[in-house]
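Step one of this worksheet: look at the structure below.
The values are calculated or read from the model by the stated rules, or taken from the named source; none is laboratory data. On a predicted model such as this, the values are computed, not experimentally measured, just so you know. Glycine also receives a Cβ, built like all others from the backbone with ideal geometry; neighbour counts cover every protein chain displayed.
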Amino acid sequence: MRYFAKVEGKEYECVLEGSNGTLSVVVEGKRFSVDLRHIPRSHTWSVLLDGRSYEFTVHEHEDALELAGGAGVFHVSVEDARTHAARAQTVGARGAQGPRIVKAVMPGIVREVLVAPGHAVEKGQPLVILEAMKMQNEVRAAEPGKIRAVFVAKSDTVEKGARLVEIE
Amino acid sequence: MRYFAKVEGKEYECVLEGSNGTLSVVVEGKRFSVDLRHIPRSHTWSVLLDGRSYEFTVHEHEDALELAGGAGVFHVSVEDARTHAARAQTVGARGAQGPRIVKAVMPGIVREVLVAPGHAVEKGQPLVILEAMKMQNEVRAAEPGKIRAVFVAKSDTVEKGARLVEIE
Amino acid sequence: MQIRKVLIANRGEIALRVARTLREMGIRSVAVFSTADRDELHVRAADEAYPIGPPAPSESYLKIDRIVETAKKAGCDAVHPGYGFLSENAAFAQAVEEAGLVFIGPPPSAIAAAGDKLNARVAMARAGVPVIPGSDKPAATAKEAEAAAAKAGFPVALKAVGGGGGKGIRVVRKREDLAAAFARASAEAAAAFGNGAMYVERFLEGPRHIEVQVLADAHGNAIHLGERECSIQRRHQKLLEECPSPFVDKDLRARMGAAAVLAARAVGYRNAGTVEFLVDRGGSFHFLEMNTRIQVEHPITELVYGVDLVRLQVEIAEGRPLALAQGDFFPRGHAIEIRLTAEDPAAGFLPQTGRVQALRFPQGPGVRVDSHLYPGQEISLFYDPMIGKIVVHGRDRADAIARMRRALVEMRLVGVKTCAPLLLALLDDARFRNGEVDTGFLERFVAEGTWQRLPELNGLPAELPAVIAAVLYAHGRQGAGRAVVPPASSGDWVAAGRREQMKWGGPGA
Amino acid sequence: MQIRKVLIANRGEIALRVARTLREMGIRSVAVFSTADRDELHVRAADEAYPIGPPAPSESYLKIDRIVETAKKAGCDAVHPGYGFLSENAAFAQAVEEAGLVFIGPPPSAIAAAGDKLNARVAMARAGVPVIPGSDKPAATAKEAEAAAAKAGFPVALKAVGGGGGKGIRVVRKREDLAAAFARASAEAAAAFGNGAMYVERFLEGPRHIEVQVLADAHGNAIHLGERECSIQRRHQKLLEECPSPFVDKDLRARMGAAAVLAARAVGYRNAGTVEFLVDRGGSFHFLEMNTRIQVEHPITELVYGVDLVRLQVEIAEGRPLALAQGDFFPRGHAIEIRLTAEDPAAGFLPQTGRVQALRFPQGPGVRVDSHLYPGQEISLFYDPMIGKIVVHGRDRADAIARMRRALVEMRLVGVKTCAPLLLALLDDARFRNGEVDTGFLERFVAEGTWQRLPELNGLPAELPAVIAAVLYAHGRQGAGRAVVPPASSGDWVAAGRREQMKWGGPGA
């Protein structure tokens, strides 16, 4: 089985081979014999690789796995060979750019809405002030543009990822 | 709803009443207003009872619940009113006594089998020596009798509850 | 008197920590909680617990009348305020005393004297404690602040008269930035402390923040328990503290200690308190402010001086004289505390929320943990992002650093990002290891960005994360590798596989 | 020399504890594991880990050749033996040294001299260390043992010549019981130590077991780090230890310490070791045995003397001289350790196995935990029932007892019964609190049975457990109370309800 794993931006082709109860993975010509154990109820995996011991916790994110191993955190996304090939054909079509939705990068309470539909905004201009854990944070425009819509009002509680403002 | 709960041998009739989002339990004329919360993934329940705070872990055993609350452990068995009534009618029939199976009260390795079928045994006579965690433990006869069957041999590994010997 | 039942007017780790010592003293503890906090450990650890309102602190943990009423109804004879919330609110201490209860802390007059940071400056200067050049009266408007700043000289620090702990402080480097900074800082101060008045101090470049623990009883005895080095800060919020300070020798310790005791006496102090100083490169120290409550970082003093400060607080509040004199206390070894905050340092310290999926705290020699975290907990956005403290004690500073490094590597927390990766990199930094830090060090270190480099992990081959992820993925989707990988009980990987498929259009795309 | 990579020839909490210090010292750790232990924390905490055989200790953790070979293959330069297993096996130390590796412990000759408990008696008596009346030669048969016993006088203790730590010891009160006891004890000794030879000592009635920590470097320096009170034992297995002993004053400490240093020198000792004494009511002390490795209870000495004994072991093994002299060490405060064992004291200390369903260790001020437990772990029957140690440090003995009580109340372990309820009751016992204990105290306390009384729980109404269980049951079966009880994610209660039904015949029975 072939998979493609992208670790912090770099892609590795991984070929998995199982035989006699051991699992080998060949990555770019290097063969790894992996003893991988899931520790129940802890999101933890123990890996022995040529005697070296690693313990990773795994946290699923929307688009990647976060592997945390004591001193280091790695973001890895994986796809199988077929998906990888399919995606390669369509990737050219994904660059199109329409109106941009500014989303909340954290949950919080809306303390101020500083713009209204029709306003022109500069790059870096504050749009909304969000408060969480006693700290106020300004949400700023990443690009210049015109406010097309405002989705929140003062005192609203918003979840992470909630739409705040649309800029066109 | 009526339930019967037996705590360390003593039976309590509990009547549960829910109204307006609060739960009351009436036990022998006393009414308790209980704020009971399950803490996920921890087998833990937090109880506020007239302001007093209790935290119990709950462990299921075959025939009872083990409620452990810091300094104390309680074994409680519960049945509903219908079961309670049904059992009361049949309890007289349960005293019959046939051959007794001596079971392993812990998992272990059989180090010695000291009896064979046909042997007469005294009360307190050692039957089997089980070893676990480096300690040897003698399994003794609870009553005098005659060995009808031996289910294990030296060096067997047995689970808790495994049949060791039958005495008649 | 003997205190028998104490209401803890707080939440989180400090409420839990106070409840622990109360239990050890045989004193009943009474927790209070907002509706967001019903399941919190401080509620479960206390002997009693009562709801006091909705999640917003202004509706619960800052409600003086409701808390005092709860204490009376529950039959308490004392109140412990913890830190934050109402801990430095003189009106609260006053209300507690007027209700006939003991406030486990200083008299309201001392809180007021120290809490009005501006008046405290004036009082300290008068008592002979060195202070930083700056305001001698409050600025209610940007205009008044500008006048004071002109006198002190830029850069200046705008500070809330009612503030403390670095909250509501803004540094202003140029005259033209002052008005906007004043508006924001004053608004935050008004929201946080109910008082928008500010004062101005010359902003010292590159100072250390070193504070001294003091203890004063009701019988006129006042001693100090050495210093804590608190220079590792971001936006005036401490992230790592040490005891003793690598900068302070025996002589400086004695001089700063004496000044701290003088400061405590100047405000009529009683109970445990902390006198914060800014120390310049030459070793001159200037009074910064006095914190009239237990500090977040008190455990490092406890480890190095062999005391339980909360126990001493209660004993002092009971009217008992300090059992030991200044000469009986001396430092042993070196302690470090880090504050674990639910903030992502790689994303501008964005507050993180989420559910604690898995949790393993460090243990073993020289490790102490104070935390209200538990598996399954939902980190809420209503309160401080500090979710716990890891504290270590070692033979000397090098051992303590190595121990903290080990503790952080050992810790596992799945579900919420924290500042731990930054702190781990900090512990490895040569400048930090040499003790060459000032209050601006951490922000410069963060800005350098080198801490985000992937660490050299036990000779980890670069390919290993890819290998592991591929195996997990395959395991979840096809059951490949089942011979060596036991089934994941959660089925997470099946779900992850499905999502990956969907995201990239599935096999047929 | 500088040690760079150490194989830890052990498992469980001590393997984890050694790995922690190695990490702090920047030394690579190499774990070994039996097939039963692949998922254990000591494997996950080490930098490297290698399998050494099947679960039975004789096939893995006691396999000298395989362990030494693993150390060489892994490129180790030293081996740490922990306690138990091969830690007091002179042949192992010899094999390690012959392989060109450093043994982090005493020279093989010292292990042999102390490990042959009988020869050690003779050597100590010769060096002027007081010993108990008894054998001066081994007994290979019950007959020989009878002769020795007759000379020493009944009651006697039968001890394994190759034993230690209370293993393979039987007390025999009457002549007619000796033969049977000898057979069983000798068989256990043969299985555990590969040597069935026994020796006989007069069994002292009501003594205390107090031991002294010693440290000796390769340069002729030898010091002691005070005593540990270890009288709380069951079948010669310690369950609770204290430092300092409530029985020992400064003078007795100095005399016992000097005798312990003498004992260490008598066997040519190097590294950390422990000299055990039996102390009678008059304060006379008698050499019991010397333990030539780190003790289970070493953390209490670490807390009270401010040291890391494993770090000192490594430093001594590297050939470094002790950095501090006898006069630099002094006790601060009081420490207590309890051993958490998977044994049910209510059922004759029956070993318990099972899966750890939920786990919460105590934390906060003065609490240290050393444990290899983790949620989801399967407690195996192959190894020692000790699953962790809770250690506390307080200002004095009363504070330490209160702190340990708090720690045990705070601890939660679901799925495996432990000795904790017994220890909690012990901490509340007036005799224990007065320090009036001897080595027989715990067994008498267990036999009294009063510890099994239900405790007075925070004014717990007798009905409350019934109320809770009824609600949980109803919640699981009918969804009653759902308004206040959030759904149980596990569905345990549904299952519990179903089983209850089945057990008692169901609704139609």
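Look at region B:58-80: where a residue is touching a residue at least 24 places away in the same chain (Cβ under 8 Å) and under 19 Å from D:TRP451 (Cβ atoms) and a partner is of a type in the set (Asp, Glu) and assigned to a loop (DSSP other than H, G, I, E, B), sitting 6+ places away or on another chain with Cβ atoms under 7 Å, you get B:PHE74/B:GLU8; B:HIS75/B:GLU8.
Would you say C:ALA46 is touching a residue at least 24 places away in the same chain (Cβ under 8 Å), surrounded by 23 or more Cβ atoms within 10 Å (Cβ to Cβ) and over 20 Å from the mean Cα position of the chain (by Cα)? Yes, satisfied.
Here's the yes/no breakdown for (1) out of contact with any Leu (no Cβ under 7 Å at 6 or more places or on another chain); (2) at pLDDT below 95; (3) of a type in the set (A, V, I, L, M):
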site	(1), (2), (3)
D:ARG311	yes, no, no
D:GLU318	yes, no, no
D:ALA346	yes, yes, yes
D:PHE349	yes, yes, no
D:GLY354	yes, yes, no
D:HIS372	no, no, no
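D:ARG332 fulfils the conditions (1) within 12 Å of another protein chain (Cβ to nearest Cβ); (2) under 24 Å from D:GLY82 (Cβ atoms); (3) of a type outside the set (Gly, Ala, Ser) except for a single criterion, (2). Would you mind finding the one in D:SER380, D:SER371 that is away from chain A (no Cβ under 14 Å), within 30 Å of C:GLU302 (Cα to Cα) and hydroxyl-bearing (Ser, Thr, Tyr)? Sole residue among the options that is away from chain A (no Cβ under 14 Å), within 30 Å of C:GLU302 (Cα to Cα) and hydroxyl-bearing (Ser, Thr, Tyr): D:SER371. Within region D:256-280, the set of residues being assigned to a strand (DSSP E or B) and hydroxyl-bearing (Ser, Thr, Tyr) comprises just one member, D:THR274.
Out of the residues in region C:281-311 that are among the acidic types (Asp, Glu) and outside any strand (DSSP E or B), which is nearest to C:ARG395 (Cα to Cα)? The selected residue is C:GLU302. Just one of (1) farther than 19 Å from D:PRO57 by Cα; (2) in a strand (DSSP E or B) fails for B:LYS160. It is (2). Taken across region D:318-333, residues that are within 30 Å of D:GLY449 (Cα to Cα), touching a helix residue (DSSP H, G or I) at 6+ places or on another chain (Cβ under 9 Å), part of a loop (DSSP other than H, G, I, E, B) and not basic (Lys, Arg) do not occur at all. Kindly indicate whether B:ILE167 is in contact (Cβ under 8 Å) with a residue 24 or more places away in the chain, surrounded by 15 or more Cβ atoms within 10 Å (Cβ to Cβ) and in contact with a His (Cβ under 7 Å, 6 or more places away or on another chain). Spelling it out, it is not the case that B:ILE167 is in contact (Cβ under 8 Å) with a residue 24 or more places away in the chain, surrounded by 15 or more Cβ atoms within 10 Å (Cβ to Cβ) and in contact with a His (Cβ under 7 Å, 6 or more places away or on another chain).
For region D:335-365, the candidate set comprises residues that are more than 10 Å from chain B (Cβ to nearest Cβ) and of a type in the set (A, V, I, L, M, F, W, C); within that set, the residue that is nearest to B:HIS43 (Cα to Cα) is D:VAL356. The residue list C:ALA71, C:ALA110 contains one member that is among the hydrophobic types (A, V, I, L, M, F, W, C), at pLDDT 95 or above and closer than 22 Å to C:MET198 by Cα, which is C:ALA110. Of all residues in region C:66-120, which are among the charged types (D, E, K, R) and assigned to a helix (DSSP H, G or I)? Those that are among the charged types (D, E, K, R) and assigned to a helix (DSSP H, G or I): C:ARG66, C:GLU69, C:LYS72, C:LYS73, C:GLU97, C:GLU98, C:LYS117. Residues that are under 30 Å from C:ALA258 (Cβ atoms) and touching a helix residue (DSSP H, G or I) at 6+ places or on another chain (Cβ under 9 Å) within region C:172-211 comprise C:TYR199, C:VAL200, C:GLU201, C:ARG202, C:PHE203, C:GLY206, C:ILE210, C:GLU211, listed in sequence order.
Somewhere in region D:54-62, is a residue closer than 24 Å to D:GLY376 by Cβ, over 23 Å from the mean Cα position of the chain (by Cα) and free of Cβ contacts under 8 Å to residues at least 60 places away in the same chain? Yes: region D:54-62 contains one or more residues that are closer than 24 Å to D:GLY376 by Cβ, over 23 Å from the mean Cα position of the chain (by Cα) and free of Cβ contacts under 8 Å to residues at least 60 places away in the same chain. Within the option set D:ARG121, D:ARG170, being surrounded by 15 or more Cβ atoms within 10 Å (Cβ to Cβ), within 30 Å of D:ILE316 (Cβ to Cβ) and modelled with pLDDT under 95 holds for one residue only, D:ARG121. Residue selection: D:ASP370 satisfies the criterion of being among the acidic types (Asp, Glu), surrounded by 20 or more Cβ atoms within 10 Å (Cβ to Cβ) and touching an Asp or Glu at 6+ places or on another chain (Cβ under 9 Å).
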